[in-house]
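Peer 1: Mind looking over this structure? Questions follow.
The values are calculated or read from the model by the stated rules, or taken from the named source; none is laboratory data. Note that the structure is a prediction, hence the values are computed from the model and not measured. Cβ placement follows ideal geometry from the backbone for every residue including glycine, while neighbour counts extend to all protein chains displayed. Quick note on the areas: whole protein, heavy atoms, side chains included, nothing else; ligands and nucleic acids left out. Shrake-Rupley method; radii C 1.70, N 1.55, O 1.52, S 1.80 Å.
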Amino acid sequence: MDSTIEGVRQPPARAGSRLCTRCGERKAALKRPKTLEQICRECFYIVFEDEIHQTIVDNNLFKLGDRVAIGASGGKDSTVLAYVLSELNRRHKYCLDLFLLSVDEGITGYRDDSLETVKRNEIQYGLPLKIVSYKDLYGWTMDDIVKAIGLKNNCTFCGVFRRQALDRGAALLKVDKIVTGHNADDIAETVLLNILRGDIARLSRCTFITTGEDGPIPRCKPFKYTYEKEIVMYAYFKKLDYFSTECIYSPNAYRGFAREFIKDLERMRPRAILDIIKSGENFRISTTTRMPEQGTCELCGYISSQKLCKACVLLDGLNRGLPKLGIGRTKGVAGGDGDSDSDQQAKRSGRSRSSLQGKHGNVEF
């Protein structure tokens, strides 16, 4: 039936001409993946930024005057994080001193290109940039490590070394906190991975918005409830400068299987991502479960539940020509009678807690 107003014939509504469900004035430009709302770009910017601001406020992520390092890889997540945090810092007067902190893993054709993006972001957002490299810290690049170990398990080395490299860079900047671009999709993937691995220790803390509060420098995730698709949309509509190529060494990473599963769930039910995170938050570890006791590494002083931290074990294996030495689970159980791999390694090394031994010298933590 034709639509009429007081006898005046009206043309039928065209597909795509629906008005924004929020303002009711402008044409809808997108459907939010998170809520399926049809909204215009301007309203999308507002709700996207307001939700992140609310997450920051509700979880008391920062204090006035905090020095904050933004983990910057040049990818969409860290680029949007740097842009949005800069905007919110000015708009809501967080009074934060913001810095960009990047890690150069030494991956030719990937990281060198993405770091060029970060250097442009430094100028675009007016944020000081600090770059730390695997080569300087450990005496090895990821290209060198892949040559030694191959394409299997190389992500183990990169993940362990990058985490410690970020902490070392943050210590050089004397910051109070590190913020990372981990989004809702990432956290939902991690919940599933920890369930599949039976990793109780990590499962109990992987949904925390702030971690490492008992370590040298806490880390927080302002994008904890932000969907990856919305981050991509925001970067696209805002025409932000970011690097979008996937790491050349990660196509076969175990996490990729969980990522595909999450995407399938999201297609059927967008709310599934937040529901998985909520489920992870509601997990309670039995009081009878023996959890690892956190201490410090006897060699470098980095936080560790074993006598040697994972980075020292992996690095020692590389330097001794035994790159698979630290791969896999430790043999002993934290708090048990048996020695773990790292305990045995500490006994063999006979060295006191002092420094991390790289190919080209020691690195103090």
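Peer 1: Which distance in nm do the two modelled labels at residue 89 and residue 119 give, with both placed 7 Å along the Cα-to-Cβ direction?
Peer 2: 2.2 nm
Peer 1: Going 7 Å from the Cα of residue 248 in the Cα-to-Cβ direction, what parts of region 95-116 have a backbone nitrogen less than 13 Å from that spot?
Peer 2: 106-114
Peer 1: Right, here's the next one. Taking the Cα centre of region 116-260 as the origin, how large is its charge dipole in debye, to the nearest 20, when only Lys and Arg (+1) and Asp and Glu (-1) carry charge on their Cβ atoms?
Peer 2: 140 debye
Peer 1: Determine the share of region 112-173's accessible area contributed by carbon and sulfur atoms, expressed in whole percent, with a 1.4 angstrom probe. Walk me through the numbers before you get to the answer.
Peer 2: Numbers: 1480 of 2740 Å².
The nonpolar share, carbon plus sulfur, comes to 54 percent.
Peer 1: Counting other Cβ atoms within 10 Å of each Cβ, which trypsin sites (Lys or Arg not before Pro) in region 26-61 have at most 14 and sit in a DSSP loop?
Peer 2: Values: sites: 26, 27, 31, 34, 41; in loops: 26, 34.
Passing both the DSSP loop test and the Cβ count: 26.
Peer 1: Averaged per residue, what accessible surface does region 32-168 expose to a 1.4 Å probe, in Å²? If you can, show how the numbers build up before the last one.
Peer 2: On the way: 5630 Å² over 137 residues.
It amounts to 41 Å² per residue over region 32-168.
Peer 1: Hey, with R₀ at 25 Å, roughly what FRET efficiency would residue 163 and residue 320 work out to, going by the Cβ-Cβ distance, to 0.05? Can you show the working numbers first?
Peer 2: Values: r = 22 Å, r/R0 = 0.90.
For residue 163 and residue 320, the calculated efficiency is 0.65.
Peer 1: For each pair in 221/263; 147/324; 63/307; 76/239; 76/221, compute the distance between the two Cα atoms and list the pairs where it is over 23 Å.
Peer 2: 63/307
Peer 1: Using +1 on the beta carbon of Lys and Arg, -1 on that of Asp and Glu, and nothing else charged, what's the dipole of region 35-194 about the Cα centre, debye to 20?
Peer 2: My answer is approximately 520 debye.
Peer 1: Count the net charge of all other residues whose Cβ sits under 9 Å from the Cβ of residue 210, scoring Lys and Arg as +1 and Asp and Glu as -1.
Peer 2: Working: positive: 177, 219, 221; negative: 213.
Value of the local net charge: +2.
Peer 1: What FRET efficiency, computed as 1/(1 + (r/R0)^6) with R0 = 45 Å and r the Cβ-Cβ distance, is obtained for residue 64 and residue 285, rounded to the nearest 0.05?
Peer 2: Taking R0 as 45 Å, the efficiency between residue 64 and residue 285 is 0.85.
Peer 1: In nm, give the distance between the simple-model label positions of residue 278 and residue 152, each being 7 Å from the Cα along the Cα-to-Cβ direction.
Peer 2: With each label point 7 Å from Cα toward Cβ, the separation is 4.1 nm.
Peer 1: Here's another thing I want to ask about it. Can you pull out the chymotrypsin sites (Phe, Trp or Tyr not before Pro) in region 232-267 that DSSP calls coil and that have at most 16 other Cβ atoms within 10 Å?
Peer 2: Qualifying residues, ordered by number: 254.
Peer 1: OK, next. Between residue 232 and residue 144, how high is the FRET efficiency from 1/(1 + (r/R0)^6) when r is the Cβ-Cβ distance and R₀ = 41 Å? Nearest 0.05.
Peer 2: Computed FRET efficiency for residue 232 and residue 144 comes out at 0.80.
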